[in-house]
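Novice: Following this message is one structure expressed as structure tokens.
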Amino acid sequence: MKIFADKTLSQKIERAEARSNADFVESRGKLFPESGAGWIEVAGVYAMFDAVDSPTTQTFGLGLFDEITDVEMDKIEAFFTERDATVIHEVSPMADPAILPMLNKRGYQPIEFTSVMYQEIDSANSTVPPQNSQIKTRIIGKSEVDLFAETSTKGWIDEMPEYAEQMLEFSRIGASAAGAIPFIAEINAEPIATGTLYVYKDVAALAGASTIPAQRRKGAQTALLKARLRHASENGCKIATMDALPGSQSQRNAEKNGFRIAYTRIKWQLKSR
């Protein structure tokens, strides 16, 4: 059955992404109880606090599931302001149109776009062998969280060296999350790249793509993509989804591998009052 980029698809994708982020927040809360990490649901909206400066501290699903009035918005905003966090919503264009004037009235401004991408999963496109036969992919063992985190961080520190410690902690938390299925790619048993899969009902959410700089352009991420799609197919998933910055290399790579843009999501931030 053909899957169209409509509100139904958006609800599936946004709920899967919200669940993966909620699992991450719960993971931080277990590993670092002093962090105060936690989340609430208000009118179908998942509002999450991970840390004051964390990209996971935001909402998903605003106006997509239930009606949002000023009462619900007051409750959501209070959740963040009580924790000294900036109020941020990622809003699907399939949300209730009444959300836009409400955000304007309450003093929000758009700060970021995200290409939300998807593809229908079938056994044919998930069983294609990797282009580089030297690359082996596998799900990490429970004792390999540090190995996954270190490999993932090595793929980022050349671009953001000042965030090395934060990225290492972030990767450890993500790999330990209840819903996470962390994959690693290796050449000759040496780890070179990482990728994570989250499965929620029939939706597979892909995230955490990172490749060590010296090992790029060898097909590691393509191999990890195929491995995760294969795992998702074997576990009953019908849709795979991932996010990318519009026009980025990540978006181009996703499109080369069968993904297409479902919609462009806008991130809204509450201005200081």
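Novice: Return the residue satisfying two criteria in turn: it lies in the stretch 230-257 and is among the polar types (S, T, N, Q) and touching a strand residue (DSSP E or B) at 6+ places or on another chain (Cβ under 6 Å), and of such residues it is nearest to residue 12 (Cα to Cα).
Specialist: Checking each candidate, the answer is 241.
Novice: Hey, could you check the stretch 240-269 for residues that are closer than 16 Å to residue 227 by Cα and part of a loop (DSSP other than H, G, I, E, B) and say which is least open to solvent (accessible area, probe 1.4 Å)?
Specialist: Among those residues, the one meeting the criterion is 259.
Novice: Right, next: Which of the residues spanning the stretch 72-93 are without any contact (Cβ under 8 Å) to a residue 24 or more places away in the chain and farther than 16 Å from residue 107 by Cα?
Specialist: Start the filter on the stretch 72-93 by keeping residues that are without any contact (Cβ under 8 Å) to a residue 24 or more places away in the chain, which leaves 74, 78, 81-82.
Answer for the stretch 72-93, where residues must be without any contact (Cβ under 8 Å) to a residue 24 or more places away in the chain and farther than 16 Å from residue 107 by Cα: just 82.
Novice: Consider the stretch 116-138. How many of its residues are modelled with pLDDT under 85 and open to solvent by 50 Å² or more (accessible area, probe 1.4 Å)?
Specialist: The qualifying residues number 9.
Novice: Considering every residue within the stretch 43-53, establish whether at least one is open to solvent by 10 Å² or more (accessible area, probe 1.4 Å), over 17 Å from residue 267 (Cβ atoms) and either out of contact with any Pro (no Cβ under 9 Å at 6 or more places or on another chain) or in contact (Cβ under 8 Å) with a residue 60 or more places away in the chain (or both).
Specialist: Yes - at least one qualifying residue is present in the stretch 43-53.
Novice: Considering each residue of the stretch 1-27, count those that are over 23 Å from residue 94 (Cβ atoms) and open to solvent by 20 Å² or more (accessible area, probe 1.4 Å), and give that number.
Specialist: The total comes to 1.
Novice: Going through the stretch 209-221 one residue at a time, which ones are open to solvent by less than 40 Å² (accessible area, probe 1.4 Å) and at positive phi?
Specialist: 219
Novice: Which members of the stretch 222-239 meet the condition of being surrounded by fewer than 24 Cβ atoms within 10 Å (Cβ to Cβ) and within 16 Å of the chain's Cα centre (by Cα)?
Specialist: Scanning the stretch 222-239 gives a single hit, 239.
The values are calculated or read from the model by the stated rules, or taken from the named source; none is laboratory data. Every value quoted in this text rests on a predicted model; they were computed, and no experiment measured them. Because the Cβ atoms are built from the backbone with ideal geometry, glycine has one as well, and the counts that use them run over all protein chains shown. Calculation scope for accessible area: heavy atoms of the full protein, side chains included, ligands and nucleic acids excluded. Shrake-Rupley method; radii C 1.70, N 1.55, O 1.52, S 1.80 Å.
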